[in-house]
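These notes concern the structure reproduced below.
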Amino acid sequence: MLLLHLSDIHFRAGQIGTAMDPNGHLRSELLRDAQVQCQRIGRAPDAVLVSGDIAFAGAKAEFEYATDWLKTLCGACGTTLGSVFVIPGNHDVVRSVASKPVVQSLHQSIKAAQPIALNGIISGLLSDEDAKSALYEALGPYNTFAGQFFCDLLPPERTRATRDLYFQDGSILRMTGLNSAFVSSASDTPGSLFVDPASFQLERLPGVEHLVLCHHPYSWLGNGKALSDFLHDVARVHLFGHEHTNRILPARDFVSVAAGAAHPDHEEPNWEPGYNLLELEVEGVGTDRYLTVAVHVRVWQANPGQFIAKQDRGADAFQSRIALSPWIKPENTVVAQPAAAESTQADAAAPEEGADPMDSLRDISVRFFRLTVSQRSAIAGKLNLIEDEDANQPDFERSRRVFLRARERNLVEALDREVSAAGQ
């Protein structure tokens, strides 16, 4: 299994797509290097993971540009846009919305909570219609962008994004993206942000290994110590962003990767753009199983300008080997095969209980979201996939419900045909 990991791209309106874009050449070189490295490894990424700060100011134009660029990146690496999996960062928040007095009041009620009461207060706010709308309003443009990948977030039941990938032996890598930005604003400081209680509900299940993405490292979270203790027990791979400095912590039971920024500010000390490629494989069977993790850290070198491998004692990758719990594939389980370039890894696997029901729909979704709102509404109406209960939902949620109903009513092929007929 191969994962391409990016963080902190910071697509900035007013710069992107212009002749004066200070990061245009860097993005071009990243595309080129990622293509070469995937060819060298000998496979396309099974998922392209972006651990937050896709945009710079949470603007619609920034996310639209990100979609086009990510599509180019996926194509260069031999995969599809449907392989993208994202989580929000602080730059994906619309600061003018997060600065509203009512939103700041809600933030303060969370920040002032005693540890013993924290989870109850967050749960209560995210279950209240008015409070949850206010807390998540600043993530509106992000959710519209993330919806095409089924990574959109809507409290109280969907405050984290999930997706399953399948190892060659049929076991599952369950990816979970946490939201550490729902209390983010211009006043962020270390220790002032939080994840919600759902972040502590990853189950250890036979044949399932967890990978977790969180934009902010533990030191930026008021409940970071509790999250650290929990994830060290249940998750094999931890991916972070935000601090723009790459670090790898290999431990007995997990590997933690703090990503460098794809686009750090040129004035930052020790400016070092970068991205990661992670190779994960399960070795052995039964009671003798191991997860091998090879992290290829690619960093920008000046003079001559190019991406190169960050080395670990002379090796071009950071290697870990983690003992896994005993597991034997049940007789009736279909083992997933590697995905071809024109499909996603999830499409190649038989659905498993607990897997994201959108797995077989991602390629259609990214094309559906490129249509206008009126085109999407017309298609959904023609196929009778809109219900009265959708009227007060945001656009990304209405679109998600369209896909769920298409799957439930065996209308996926019809939906695919309509999207193609509309030009996508």
*asked:* As a test of understanding, state the convex hull volume per residue of region 253-324 from its alpha carbons, in Å³.
replied: 102 Å³
*Treating the beta-carbon of each Lys and Arg as +1 and of each Asp and Glu as -1, no other charges, what is the dipole magnitude of region 64-171 about its Cα centre, to the nearest 20 debye?*
260 debye
*Report E389's accessible area, 1.4 Å probe, all protein chains in place, as a number in Å² to the nearest 10.*
120 Å²
*asked:* Could you tell me the relative contact order of region 143-268? Use alpha-carbon pairs under 8 Å, at least six residues apart, and round to a whole percent.
replied: 17 percent
*Rounding to the nearest 20 debye, state how big the charge dipole of the chain is about its Cα centre with +1 on each Lys and Arg Cβ and -1 on each Asp and Glu Cβ.*
360 debye
_Diffusion coefficient, µm² s⁻¹, Stokes-Einstein with Kirkwood Rh over alpha-carbon pairs of region 1-73 at 20 °C and 1.002 mPa s_ = 164 µm²/s
_Beyond 17 Å, how much of the Cα-Cα pair distribution for region 165-266 remains, as a whole percent?_
54 percent
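Below 8 Å, C-alpha to C-alpha, sequence gap of six or more: please give me the relative contact order for the chain in percent.
Relative contact order, the chain: 16 percent.
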_For Cα pairs less than 8 Å apart in space and 6+ apart in sequence, what is the mean separation divided by the residue count of region 101-160, i.e. the relative contact order in percent?_
28 percent
*asked:* Counting only protein heavy atoms and a 1.4 Å probe, tell me what percentage of region 121-186's accessible area is made up of carbon and sulfur.
replied: 50 percent
_Å³ per residue enclosed by the Cα convex hull of the chain_ = 148 Å³
*What's the center-to-center distance, using Cα atoms, between region 395-424 and region 205-284 in Å?*
34 Å
*In region 151-236, which GluC sites (Glu not before Pro) fall in coil by DSSP and have 11 or fewer other Cβ atoms within 10 Å?*
E157, E203
*Could you list log10 I(q)/I(0) for region 92-135 at q = 0.18 Å⁻¹, which the Debye formula gives when each Cα is one point scatterer?*
-0.52
*Residue-level accessible surface for T144, protein heavy atoms, 1.4 Å, Å²*: 60 Å²
*Based on DSSP H runs of at least 4 residues, each adding -39500 (n - 2.57), what is the mean residue ellipticity at 222 nm of the chain after dividing by all its residues, to the nearest 500 deg cm²/dmol?*
-9500 deg cm²/dmol
*Among rounded, prolate and oblate, which fits region 93-180 when a ≥ b ≥ c are the square roots of the eigenvalues of its C-alpha gyration tensor, a/c under 1.5 means rounded, and a/b larger than b/c means prolate?*
oblate
*Using only Cα atoms, locate the centre of region 178-204 and the centre of region 64-99, then give the distance between them in Å, rounded to an integer.*
20 Å
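The values are calculated or read from the model by the stated rules, or taken from the named source; none is laboratory data. Nothing here was measured: the structure is a model prediction, and the numbers come from that model. We place every Cβ from the backbone using ideal geometry, glycine too, and count neighbours over all the protein chains shown. These accessible areas exclude ligands, DNA and RNA; they are computed on the full protein's heavy atoms, side chains included. Shrake-Rupley method; radii C 1.70, N 1.55, O 1.52, S 1.80 Å.
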